[in-house]
1. Please determine whether any residue of region 61-76 is within 21 Å of Leu32 (Cβ to Cβ), in contact with a His (Cβ under 9 Å, 6 or more places away or on another chain) and among the hydrophobic types (A, V, I, L, M, F, W, C).
2. Pairs, please: C-beta under 6 Å, at least 6 apart or cross-chain, first residue free of Cβ contacts under 8 Å to residues at least 60 places away in the same chain and in region 222-241, second of a type in the set (Asp, Glu) and assigned to a helix (DSSP H, G or I)?
3. If you take the residues in region 252-303 that are open to solvent by less than 100 Å² (accessible area, probe 1.4 Å) and acidic (Asp, Glu), which one is nearest to Leu222 (Cα to Cα)?
4. Would you mind telling me which numbered condition in (1) crowded, with 18+ Cβ neighbours inside 10 Å; (2) in contact with a helix residue (DSSP H, G or I) (Cβ under 7 Å, 6 or more places away or on another chain); (3) more than 26 Å from Asn6 (Cβ to Cβ); (4) at pLDDT 95 or above His67 fails?
5. Looking at region 81-98 only, could you name the residues that are open to solvent by 60 Å² or more (accessible area, probe 1.4 Å) and without any contact (Cβ under 8 Å) to a residue 60 or more places away in the chain?
6. Please state which one of Leu4, Leu8 is loosely packed, with under 12 Cβ neighbours inside 10 Å and under 15 Å from the mean Cα position of the chain (by Cα).
7. When you scan region 228-249, do you find a residue that is open to solvent by 50 Å² or more (accessible area, probe 1.4 Å) and closer than 21 Å to Thr3 by Cα, even just one?
8. May I ask you to say which residue of Phe51, Phe108, Phe25, Phe118 is under 24 Å from Ala154 (Cβ atoms), open to solvent by less than 60 Å² (accessible area, probe 1.4 Å) and part of a loop (DSSP other than H, G, I, E, B)?
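The values are calculated or read from the model by the stated rules, or taken from the named source; none is laboratory data. Small disclaimer: the values here were computed from a predicted structure and weren't measured. Note that we place each Cβ from the backbone using ideal geometry, even for glycine, and neighbour counts take in every protein chain shown. All accessible areas refer to the heavy atoms of the entire protein, side chains included, with ligands and DNA or RNA removed. Shrake-Rupley method; radii C 1.70, N 1.55, O 1.52, S 1.80 Å.
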Amino acid sequence: MDTLGNQLIDWDEIKSDDIVIIPAFGTTLEILNLLKKKGVETKKYDTTCPFVTRVWKRADQLGKQNHTIIIHGKHNHEETRATYSYSKKNAPSLIIKNMDEAVVLSQFILGTRDLNQFEEAFKDKYSEDFNPKKDLNRIGVINQTTMLATETQAISNFLKEVMQEKFGLDNSKDHMADTRDTLCYATNENQDSTYGLLNTKADLAIVVGGYNSSNTSHLVELCEEKLPTYFICNSSEITSKSEIQHFNFQDKKLLSTEDYIPQKEKVDIILTSGASCPDTIVEEVLNKLLGYFPLNKSTEEVLDLMDSSIQ
């Protein structure tokens, strides 16, 4: 299957001696059960990220504590589909994409919106037998780990305030779980580092990562708010100092831009990458860019200078 769940090879073609790799985002319980029935070995080839499984374990705990699970994620993303599969096993579960949907949810929680509109507002995003009248009185927020951690935290803080408004400050802890420990540090650190880079003066940003990577596209969004940004998958997309091939993730199109580097002696470039982008790919991009500036210092020289300044 691709990342959106579209079938590439029919399950009927899969036999017990085939190798099926479970990706870092994990997969649904339904697919695991299907593979088990076929006699396919999955444990040996299960590459599910431990931060994803930590979210699943937290969802399991929340369900046993009678919390409804609010998942911050894209409902058709493979990780969110997997997380939803695990969470709905033990608890009513609902997927929201962003703060706008959190605001809509708050209206149902506070009773300012007719509950009859719930099905239309969150169609195909909530578990079977979800009852908004009783299932929104005790909640916990978890996330698709590649979403912006700051947005997940903002949504969680907002819903905490909603619970305080409905149940009072003293009672709100019984109605809102603290789930900050589920945020993925790798994604979060990349995002924090990018925020730090954006506080510096720069002419452009280059973001390196897979074109279907959710967390990389979020870094692109952050950079685009401040300066010209080019989303590339590797150094081959930089065809010359005057031309770059880059991806528009919103339109899903590869674009070509000329004169992307300003015509001046010193150019400030922000270079960042997705959480799973290999360091070697980032280094290749860095070295290719440095090669366009003959008066630059090598990375080894810069590192030596940094070491000596620290000492």
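1. no
2. The qualifying pairs are Ser235/Glu284.
3. The selected residue is Asp268.
4. Single failed check for His67: (2).
5. Those that are open to solvent by 60 Å² or more (accessible area, probe 1.4 Å) and without any contact (Cβ under 8 Å) to a residue 60 or more places away in the chain: Lys88, Asn90, Lys97.
6. On the way: Leu8 fails: under 15 Å from the mean Cα position of the chain (by Cα).
Of Leu4, Leu8, the one residue that is loosely packed, with under 12 Cβ neighbours inside 10 Å and under 15 Å from the mean Cα position of the chain (by Cα) is Leu4.
7. no
8. Values: Phe51 fails: part of a loop (DSSP other than H, G, I, E, B); Phe108 fails: part of a loop (DSSP other than H, G, I, E, B); Phe118 fails: part of a loop (DSSP other than H, G, I, E, B).
On inspection, the qualifying residue turns out to be Phe25.
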